[in-house]
1. Any idea which residue in the stretch A:193-248 is farthest from the other protein chains (Cβ to nearest Cβ), counting only those that are basic (K, R) and farther than 21 Å from A:A84 by Cβ?
2. Looking at A:A159, is it more than 14 Å from chain B (Cβ to nearest Cβ) and over 20 Å from the mean Cα position of the chain (by Cα)?
3. Can you pull out the residues in the stretch A:206-220 that are hydrophobic (A, V, I, L, M, F, W, C) and either touching a helix residue (DSSP H, G or I) at 6+ places or on another chain (Cβ under 6 Å) or buried (at least 21 other Cβ atoms within 10 Å of the Cβ) (or both)?
4. Identify all residues within the stretch A:9-30 that are touching a helix residue (DSSP H, G or I) at 6+ places or on another chain (Cβ under 6 Å) and either in a helix (DSSP H, G or I) or over 16 Å from A:P165 (Cα atoms) (or both); write none if there are none.
5. Go through the stretch A:252-271 and give me each residue that's surrounded by fewer than 19 Cβ atoms within 10 Å (Cβ to Cβ) and assigned to a loop (DSSP other than H, G, I, E, B).
6. Return the pairs, sorted by first residue and then second, in which the second residue is surrounded by fewer than 22 Cβ atoms within 10 Å (Cβ to Cβ) and polar (S, T, N, Q), the first residue lies in the stretch A:83-97 and is without any contact (Cβ under 8 Å) to a residue 60 or more places away in the chain, the beta carbons are less than 8 Å apart, and the residues are 6+ apart or on different chains.
7. Looking at A:A291, A:A295, A:A248, which is the one that is over 19 Å from A:A321 (Cβ atoms) and within 18 Å of the chain's Cα centre (by Cα)?
8. Here is a check on your reading of the model: is A:A127 within 14 Å of another protein chain (Cβ to nearest Cβ), surrounded by 23 or more Cβ atoms within 10 Å (Cβ to Cβ) and either under 30 Å from B:P75 (Cα atoms) or out of contact with any strand residue (DSSP E or B) (no Cβ under 7 Å at 6 or more places or on another chain) (or both)?
Amino acid sequence: MRVGIEGVGTSHFGRQPGVDLVDLAFAAVDEAFRAAGGPRSVDAVWVGTVFGPAGVAQRVLRAMGLTGMPVLTVENACASGTTAFAEACEAVRSGRYGRVLALGIERMGDGAITPEPTDPEGRSGLALPALYAMAAARWLHEGRVTPEQLAAVSVKNHAHALHNPRAQYAGRYTVEEVQASRMIADPLTLLQCCPTSDGAAAAIVGPAAPGQVTVRSVALRSGAPWNHRSPHVWGHDVVRDTAVAAFAAAGVGPEDVDVAEVHDAFTIGEIVTTEALGLAGPGEGGKAAAAGRTALGGEQPVNPSGGLLSRGHPLGATGLAQLAEIVWQLRGEAGARQVDGARIGLVETMGGGVSVLDGNACVVAVLEAP
Amino acid sequence: MTRVTTPDPRPRVVAGAEGGGLVEGRRCTACAEVVAFAWPACPACGGPVEPARFGPEGTVWSATVVRVPVPGRTPPYGMAYVDLDDGPRVLAHTGGPVPIGARVRLVPGGDDGDVRVEVVG
């Protein structure tokens, strides 16, 4: 059974200290129900969140009258929202449920993620920017990317967000300005790191009907050990392997992708990911960003929403925010950031933080226009 | 900082015979995978493991300097992934910046529990 997207919705993204999670979630779910039409009810709900307290899913759902049906809460770090989406799709595809809500919610509070003290590398003080910084430093050392190409990803995504009224940040920066911003973890500067965000995003899925964006495939994997034997930087191989599975199931290849939302928590992340997905060849990811190939108006736009770097990164909501963008793109509803004639869209989210693993989880979804 | 009551998950570094530190880890008796942790089974294949010590020297695979506040830490501080000779990749504190490819040596464990390396020579 082909799964269709009945409707998507999101809250605004950003630091929203006065806005309760209930209101963020309602903004997303209300928009998704309005887009879907029909009854404001579902047969089951999957909720992705990382830092939500116990019971947070039922707490926000009961405030909007969604009670009684099965509610399942999932956590896969930054891929929690896309994990909720993957499970919702599978529940429909397998016939377990008819109409399912996937919801991602997160309040990040007042600061960056603190390293997890029950994890060896977290206990050692490995802030997440440092993990990505070491991938960036390694690729710089190998000559696989240049400092200017890293910065070009930030320039591009901040410019994309100028056309996204829901984005946390937006701006016209130069490569020099990105490089001159405050150093966070060498070589990654402030404008190369995603902000701390509050937000929610939702999708309602069901058996595909005419006129809907449909799910050609969705794949989910968790990372194998990443260590001294690994040929690539952290996170590369789990993205590659998930993408291979997703493309095989979709019956299309990376060359068929018209628009993609990928995990750019840090600039190096987008470059590694575009290469791992096969959107760019080995060593070509940075060049693609610097040359405008992945910009709006380019051959294969990546992160037209502004990405995590600029739209914002409320962890559990991020994957569904990416999905919402791709659904709007494939429906021709993306306004000034519309990729003309987009037929095949891709969503990729990668979550990490567990030592010695090449990522906690990666989800890749391939979607098709109505 | 949140008080942590769980056992310290970091690799344990003991003093080696020649002055450097050695990581107390495990080697898989099925696939020969090595890890810097006293885990009950091999993370690569699930096979049985035996105690093994690695170090004291290795090569910096990559490195960074953390310049943002982290609970319980004072920035800036250097960190590196170090591939120990014939051993696993370990995350280590370096003090300041170290170049990729640098030869480093494990420092025997201090009171703070961090894995630490110093540049050789």
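1. Selected residue: A:R240.
2. Against the criterion (more than 14 Å from chain B (Cβ to nearest Cβ) and over 20 Å from the mean Cα position of the chain (by Cα)), A:A159 does not qualify.
3. A:V213, A:V215, A:V218, A:A219, A:L220
4. A:L21, A:V22, A:A25
5. A:V252, A:G253
6. Cβ pairs passing all conditions: none.
7. From the options A:A291, A:A295, A:A248, the qualifying one is A:A295.
8. yes
The values are calculated or read from the model by the stated rules, or taken from the named source; none is laboratory data. Everything quoted here is computed from the prediction, not taken from an experiment. Cβ: placed from backbone, ideal geometry, glycine included. Neighbour counts: every protein chain shown.
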